[in-house]
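Scroll down for the structure; my scribbles are underneath it.
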Amino acid sequence: MSSIIQKSTLQFLAELAAHNTREWFAEHKNRYEDARKNYISFLDEMLQEMQHFEPAARGQRGKDLVFRIYRDVRFSKDKRPYKDHFGAYVAEGGRKSTLPGYYLHLAGNNNSFVAGGLWMPPAEQLKAVRQEIDYNLDAFKSIIESTDFKNCFGDLQGEQLKTTPKGYDKENPAINYLRHKSWNAVMPLPNNEVLQENFMEVVLDAFQALKPFNDFLMQPLQDVEE
């Protein structure tokens, strides 16, 4: 493995966060292009390595998985024109997929992270995942309480209902997981870890720890499609 994240890439993103204007961005467009190329190069090697354990990575290219740096400010009170990070999502169907997948977020100021799981699925898929957790709670807990998962991600994250979801009893042993509207795993990455020569291994190890979690979440979604 040879791809690494350059210090200049994180430095650019940190400065963009502090100077998020069109004028500043135009003056530093070359730095943006260099940083983006560095990120995509890293993604391309990452995808090659992911193919050994994740079929969804096959045939995908880094440049197709990166989200646009430009923010849509039409309906937002936040009028900053640019995102202050690079993000890419690996899943069946590419970066716009609503299926469980793997996310690499690169940012300055110790704000990078890897994440995965399922984010805000539509009602039918949400219902299917809750039912899968309810029916197979032991299997679900064995994944999110495993040593590999805990060491990388700690506790499960994701937006939750404040009340009990319709159709379930508050005494249900799975209720803490059934209240979720998203099921996410997140591992923060400080700058010093991102800049290490073994950062590719760190990301791949985290994604491999995510694989059983994503597979569990994928199963009920496949059943819905069928």
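Excluding residues fewer than 8 places away in the same chain, name every one of the lysines whose C-alpha is closer than 23 Å to that of Lys127.
Within the straight-line cut-off, Lys127 pairs with Lys96, Lys141, Lys162, Lys166, Lys170, Lys181, Lys211.
Can you tell me the length gained on complete extension of the stretch Glu124 to Asn110, counting 0.36 nm per residue apart and subtracting the Cα distance?
That works out to 1.3 nm of additional length.
So what's the angle, to the nearest 10 degrees on a 0 to 90 scale, between helix 199-225 and the longest Cα principal axis of the chain?
40
Among (i) 1.08; (ii) 1.30; (iii) 1.16, find the value of Cα Rg over 2.2 N^0.38 Å that was calculated from the structure presented, and write down its label.
Given (i) 1.08; (ii) 1.30; (iii) 1.16, the calculated one carries the label (i).
Using a Förster radius of 25 Å, what is the FRET efficiency between Ser97 and Lys29 based on their Cβ-Cβ separation? Nearest 0.05, please.
0.25
If we count every other residue with Cβ under 13 angstrom of Arg22's Cβ, Lys/Arg +1 and Asp/Glu -1, where does the sum land?
+2
Considering the options Thr9, Trp24, Met46, tell which one lies farthest towards the positive end of the dipole of segment 1-50, charges being +1 on Lys and Arg and -1 on Asp and Glu at the Cβ, about the Cα centre.
Most positive-ward Cα: Trp24.
Could you give the size of the charge dipole of segment 1-157 about its Cα centre, using +1 on the Cβ of each K and R and -1 on the Cβ of each D and E, expressed in debye and rounded to the nearest 20?
760
How much accessible area per residue does segment 68-202 have, in Å², with a 1.4 Å probe?
56
In segment 1-85, carbon and sulfur make up what percent of the accessible area (probe 1.4 Å)?
Looking at segment 1-85 in its full context, I get 47 percent from C and S.
In segment 160-226, what percent of the accessible surface is made up of carbon and sulfur (1.4 Å probe, ligands and nucleic acids excluded)?
Roughly 44 percent, rounded to a whole number.
Which order do the peptides 215-221, 141-147, 25-31 take when ranked by the mean count of other beta-carbon atoms within 10 Å per residue, highest first?
The densest-packed peptide leads the list: 215-221, 141-147, 25-31.
In nm, give the distance between the simple-model label positions of Lys63 and His19, each being 7 Å from the Cα along the Cα-to-Cβ direction.
Between Lys63 and His19, the simple spin-label model gives 2.8 nm.
At 222 nm, what helix-only mean residue ellipticity would the chain give, in deg cm²/dmol to the nearest 500, using -39500 (n - 2.57) for each DSSP H run of four or more?
My calculation for the chain gives -14000 deg cm²/dmol from helical runs alone.
Straight-line reach only, C-alpha to C-alpha below 17 angstrom: list the aspartates and glutamates that Lys63 could link to, leaving out same-chain residues fewer than 8 apart.
The reachable aspartates and glutamates, counting only those whose Cα sits under 17 Å from Lys63, are Glu33, Asp34, Asp44, Glu45, Glu49, Glu92.
The values are calculated or read from the model by the stated rules, or taken from the named source; none is laboratory data. None of the values given here were measured: they were computed from a predicted structure. As a convention, Cβ positions derive from the backbone with ideal geometry for all residues, glycine included, and neighbour counts pool all protein chains shown. The protein model used for the area step is the full one, side chains on, heavy atoms only, and it has no ligands, DNA or RNA in it. Shrake-Rupley method; radii C 1.70, N 1.55, O 1.52, S 1.80 Å.
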